[in-house]
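Data first, discussion second: the structure below is written as structure tokens.
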Amino acid sequence: KDAIAYALANNENIKNARVATKDAEAQVFETRADGLPQIDAGFGYTNNTQLQQSIVRADIFDPTAGPDDITTVAFGIQHQSNFNVTASQMIWDGSFFIGLQAARKLREKVIVDEVKAKVDVVEQVTKAYYLVLVNQVRTELINTNISTLESTLNETRTLYENGFAEKIDVTRLQVQLNNLKTEKQGVEQVISSSKNLLKLSMGMPVIEPVSLTASLDNFDFSYSASEIQAFNVQERVEARQMDFLKDLAMLDIKNVNSQYIPKVTLNAGWGRNTGNDSFGNLWNNNRRWFSSSSIGLNISIPVFDGLRKKYTIERKKYQLETLNNQYSMLTNNLQQQLIDAKEALDVNIERLEVQEANMALAKEVTDITREKYSEGIGSNLELINAEDGYKQAEVNYLSALYQAILAKIDLDRSLGNLN
């Protein structure tokens, strides 16, 4: 539980899922902002360093000018300044309301995505945790075998020195002891790698030490057959994720349909401007400001787009149909996973019981063979073979134990009990 709690707080995938949830929350407000008034203000200054000259008939200003005479007049002023405020308010836009629904639906989906990320991490941490425990038990068994074999080797060496055993008996036991020590080194390396895998799943720096306090003795392999019978795979988080994808696809179709509806926008503006040929007099107390204002209503009516929206809707309907097919396949796969996980657990529990019984029998054979050897009525080769059989029975038992643990975790995952 401590490892899972640490992982839920520190695993990078869960952290990213939390960030995605916050991002989806912000996206709702971002979309909502499009429906609120949009207000802009601006201030400008222009220096007309060379005013454009307009060509006019000269007799307009000079009655004595001839009919073909022309003159130029500059309309404008060198220094100009203006200040304006514009505002717009969306009155109706179907895409906005559909987009707001989609943003809220996406927010709900990423919350489920976060749950899925947590389930994945719990599964990874649990499997990695018990892999370390199983290998630690294997190390304990190897240490016990080494201790027993060293005792047997010492006794055999004493018998050899007194002429009651052959040199080959000592050599065989020494080879077997060396193999056990080599095997122990390999298992210790596996434990180190397993711990690194566990720390990686937890989001813990791999350079930090970690010690496991749980035991395999209290692992619960039991399950409720009625729970399996009554469980609805559509309640699995994967099915819920697919539900949200289908909902978003339907909203996407509605969004394109809404584009056939006219859009209505209210616009308003207000501004003031002033000007002077002298920059120093542009903003003094004698300046004159001229105001302007406007208000308007804009209606955008879609008329013909070359049937683009029609075929866009068709494509999105095909996408929704694909999602429906994927949903059907997913729920069927989840049902199969549940059945397979239950059957795998049953088979592995039976295998575990058989291997546990075999290990007990192999230990009994080894004890009897060792006793006979100590009494001088058994051979060294028989003892080595018996101990090899016992060691193999231990390996088979631990393999069956870990496979049964994995099967139980898979069943809990299929039942949604890793939440």
* **Yes/no for T86 being in contact (Cβ under 8 Å) with a residue 60 or more places away in the chain and buried (at least 16 other Cβ atoms within 10 Å of the Cβ)** => no
* Selection count, region 269-308, where residues are open to solvent by 70 Å² or more (accessible area, probe 1.4 Å), more than 22 Å from A87 (Cβ to Cβ) and not charged (D, E, K, R) -> 8
* **Considering residues of region 34-65 that are open to solvent by less than 40 Å² (accessible area, probe 1.4 Å) and modelled with pLDDT of 90 or more only, the residue farthest from N82 (Cα to Cα)** => G35
* To do: Considering every residue within region 99-117, establish whether at least one is in contact with an Asp or Glu (Cβ under 6 Å, 6 or more places away or on another chain), among the hydrophobic types (A, V, I, L, M, F, W, C) and open to solvent by less than 30 Å² (accessible area, probe 1.4 Å).
  => no
* Near pairs, Cβ below 6 angstrom, 6+ apart or cross-chain, from region 179-195 (more than 21 Å from Q124 (Cβ to Cβ) and among the β-branched types (V, I, T)) to any residue that is part of a helix (DSSP H, G or I) and open to solvent by 60 Å² or more (accessible area, probe 1.4 Å) -> V187/R138
* To do: Scan region 15-33 and report the pairs whose first residue is touching a residue at least 12 places away in the same chain (Cβ under 8 Å) and whose second residue is open to solvent by 90 Å² or more (accessible area, probe 1.4 Å) and not polar (S, T, N, Q), with Cβ atoms within less than 8 Å and a gap of 6+ or a chain change.
  => V28/R104
* Structure fact -> Sole miss for Q124 among (1) among the polar types (S, T, N, Q); (2) over 29 Å from A407 (Cα atoms); (3) under 25 Å from the mean Cα position of the chain (by Cα) is condition (2)
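Inside region 158-184, can you point out the residues that are of a type in the set (D, E, K, R) and either more than 19 Å from G378 (Cα to Cα) or surrounded by fewer than 16 Cβ atoms within 10 Å (Cβ to Cβ) (or both)? Quick ask: steps written out before the conclusion?
Start the filter on region 158-184 by keeping residues that are of a type in the set (D, E, K, R), which leaves 161, 166-167, 169, 172, 181, 183-184.
Within region 158-184, E161, E166, K167, K181, E183, K184 qualify.
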* Scan region 255-274 and give yes if some residue there is among the hydrophobic types (A, V, I, L, M, F, W, C), touching a residue at least 40 places away in the same chain (Cβ under 8 Å) and within 30 Å of T331 (Cβ to Cβ), otherwise no. => yes
* Asked: So which of E140, E123 ends up being within 28 Å of D220 (Cα to Cα) and open to solvent by 60 Å² or more (accessible area, probe 1.4 Å)?
  -> E140
* Output the number of the condition that P205 fails; it satisfies all remaining conditions of (1) assigned to a strand (DSSP E or B); (2) free of Cβ contacts under 8 Å to residues at least 24 places away in the same chain. => (1)
* Test V233 against the stated conditions and say whether it is in contact (Cβ under 8 Å) with a residue 12 or more places away in the chain, surrounded by 16 or more Cβ atoms within 10 Å (Cβ to Cβ) and either touching a Ser or Thr at 6+ places or on another chain (Cβ under 9 Å) or over 30 Å from K109 (Cβ atoms) (or both). => yes
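The values are calculated or read from the model by the stated rules, or taken from the named source; none is laboratory data. Just so you know, these numbers come straight off a predicted model, no measurement behind them. Neighbour counts are summed over all protein chains in view; Cβ atoms, including those assigned to glycine, are modelled from backbone coordinates with ideal geometry. Side chains are part of the model used for accessible areas, which takes the heavy atoms of the whole protein and leaves out ligands, DNA and RNA. Shrake-Rupley method; radii C 1.70, N 1.55, O 1.52, S 1.80 Å.
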